Amino acid sequence: MNLDRRKQIEQRAYALWEAEGYPHGRHEDHWHRAADEIEAEDTVGQATRRTPRRVSRRAEESSEGRSPPRKRKARDELTSARP
């Protein structure tokens, strides 16, 4: 276990111990719980760090300076407007 990871677990375990009112003899429970919480956070963090899809250069260049396409009216609306 690297030193940074150990320090994180130590700090989290201490916070858990404080939050529970400084109980005696529960240090291993706090340590394992802290380690599990930090592992879970790291796992979630890795899953959400995916890079967004990249737009191709051609698509990016062709869309510069253009507004989005207009929606077409339904054919029924156009034919009913005529007398």
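Summary of computed values
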quantity: Inter-site label distance for Thr43 and Tyr22 at 7 Å from Cα along Cβ, in nm; calculated: 3.5
quantity: Residue exposure sequence - Glu39, Glu28 - by fewest surrounding Cβ within 10 Å; calculated: Glu28, Glu39
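Just so you know, all these numbers are worked out from the coordinates, no wet-lab data involved. Predicted, not measured: the structure shown is a model, and the values here were computed from it. All Cβ positions, glycine included, derive from the backbone under ideal geometry; neighbour counts span all protein chains shown.
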